[in-house]
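Since the structure comes first, as structure tokens, the remarks are kept for the end.
No lab work stands behind these numbers, since they all come straight from the coordinates. Here the structure is a predicted model, which is why all the values come from computation and not from measurement.
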């Protein structure tokens, strides 16, 4: 089922854009490379090991509202992590997996 899918990713948060590091449950929007630049997709951080700014960390994220987006995400695809119109970080898709397989 689509509900169990998650995106394994690498994320990078800019120290000059956020005061605090993101934690599990963080719900920004994402702008995925190759998608409509006005189409923000809500994401939720399910698991993350982010211990510092300005460095790559691993994270497990899911789409907050649209299960259909998983089919539109590809390995290696980049995305911007957005808070409103502000890009606070970037991410790179490692792969989409069934959460129960993790």
So if each residue of separation counts as 0.36 nm, and I subtract the Cα-Cα distance between residue 74 and residue 27, what length gain in nm does that give?
14.8 nm
List the extent of the Cα atoms of segment 10-99 along each of their three principal axes, largest first, rounded to whole Å.
32, 28, 22
Rounded D (µm²/s) - segment 1-51, Kirkwood Rh over Cα pairs, Stokes-Einstein at 25 °C, 0.890 mPa s
192
For the chain: relative contact order, % (alpha-carbon pairs under 8 angstrom, 6 or more apart)
38
